[in-house]
Amino acid sequence: MDDSFLVFGAPAIERDEIEEVVKCLESGWLGTGPKVAQFERDFAHYKNVNHAAAVNSCTAALHLSLLVAGIGPGDEVITTPLTFCATVNAIIHAGATPVLADVDVGTMNINPERVIEKITSKTKALLPVHFAGRSCNMDDLMAIAQQYDLKVIEDCAHAIETTYKGRPVGTFGDFGCFSFYVTKNIVTGEGGMVIAKSAKDIARVKQQALHGMSKDAWHRFGDEGYKHYQVVECGFKYNMTDMQAAIGIHQLRRVGAYWEKRKLIWEQYNDAFSELSIGLPFPIENDSVHAYHLYTIQVNEGQVGLSRDEFLNKMTQSKIGVGVHYLSIPEHPFYQSRFGWKPEDYPNAMKVGRETVSLPISAALDQAAVTRVIDTVKDILL
């Protein structure tokens, strides 16, 4: 058996991406240009929307979406305590105050009943995260948003392929934000995308993503002659480059095939672990599509005889990369100090965060690697 280290979240990179990057290098155009424009068009077509804006990360996508939505100082934004820190940090960077509503312990997604409890006169937006590739309950969340006149920014970092009752996530709220980080379902190394209901909002996202300038570099330095630009607001350096888009163009074309590969791995894991004393992913809803981004198990020391962290160490010692998605946000010292949050105030997120382990699930895994993961988990837990 192969005894090399199995990297968690290793991407599937094929010859088409490599050749496209080489073409990009040979063209001399490495910044934001025609390949970014093509990637935006392709992604918008995939999501069946009219427009999209490519940026350099999902964090940037969230930050810009909040700003363009008019969220700022004095405003509160309700989000989940079970997410990567970027979700909360984007709210802070927008000048607003994050407010946490606990998750459902089964789906691991934000619980609409807890959301209602956190609404105040300062609440201006909801920021749901489609955790691990499973859609949030968008019927209830959108009903809450409508009732209280709230903006909705969907964090779809895990959910490129996800649908809710036949509709792609990211298209329910005012903005949908996606990630192409190296461990995601399709990758550009670093990168993100914003989709929005309003063409005006997308135009402003693009403007804010490049210093607030009225023209991007592609249009300024094209063969139609030099175009002067004007800085119309104080923006950011959040643009995607053609080098990144060159990878994404071909990754997106295989999004369905990669989804099928991860689905097969997911099903093998479910079958193999069904008799172990661990928590497995909640059943997938019949009317939705799961993106199969993370395969998480719950390791409870009282049930299996070793702690979650001991299990993590044993997997690493066996040369299998694993992840923790995530320690709940209130576990981290910065947020405890800044907001006075305590893990026990969000018991479901705390429980999940202290027991969860993400196992490798990637289109890059071959059958030997999947078998190796299964055998190692069983060896440790049986």
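Each value in this text was obtained by applying a stated rule to the coordinates, not by laboratory testing. For clarity, every value in this text was computed on a predicted model and none was experimentally measured. Note that we place each Cβ from the backbone using ideal geometry, even for glycine, and neighbour counts take in every protein chain shown.
Of note:
- Fewest neighbouring Cβ atoms within 10 Å first, the residues Val88, Val324, Val370 line up as Val324, Val370, Val88.
- Each other residue within a Cβ distance under 11 Å of Ala291 adds +1 if Lys or Arg and -1 if Asp or Glu, for a net charge of +3.
- Computed E for Leu30/Asn300 - FRET, C-beta separation, R0 41 angstrom, nearest 0.05: 0.25
- Segment Asp287-Glu233, length gained on full extension (0.36 nm per residue, minus Cα span): 15.1 nm
- Summing charges over all other residues whose Cβ lies under 12 Å from the Cβ of Phe84, with Lys and Arg as +1 and Asp and Glu as -1, gives 0.
- Highest GNM mean-square fluctuation among Met142, Met240, Met108, for the chain modelled with Cα contacts below 10 Å: Met142.
- Exceeding the 20 Å Cα-Cα cut-off - candidates Lys118/Lys197; Lys124/Lys184; Lys151/Lys197; Lys151/Lys200; Lys124/Lys197; Lys165/Lys261: Lys118/Lys197; Lys124/Lys184; Lys165/Lys261
- Prolate/oblate/rounded label for the stretch 6-63 (Cα gyration tensor, a/c 1.5): oblate
- Proximal aspartates and glutamates relative to Lys314, as straight alpha-carbon distance under 18 Å, when same-chain residues fewer than 8 apart are discounted: Asp2, Asp3, Glu301, Glu355, Asp375, Asp379
- Rg to Rh, two decimals, where the chain supplies the alpha carbon set and Rh follows Kirkwood: 0.98
- Pair Asn313, Asp345: separation of 7 Å Cα→Cβ label points (nm): 3.2 nm
- Since only Phe43, Ala203, Gln147 are under comparison, the one whose Cα sits farthest along the positive direction of the charge dipole of the chain, derived from C-beta charges on Lys, Arg, Asp and Glu, is Ala203.
- Local net charge near Val68, Cβ-Cβ under 12 Å (Lys/Arg +1, Asp/Glu -1): +2
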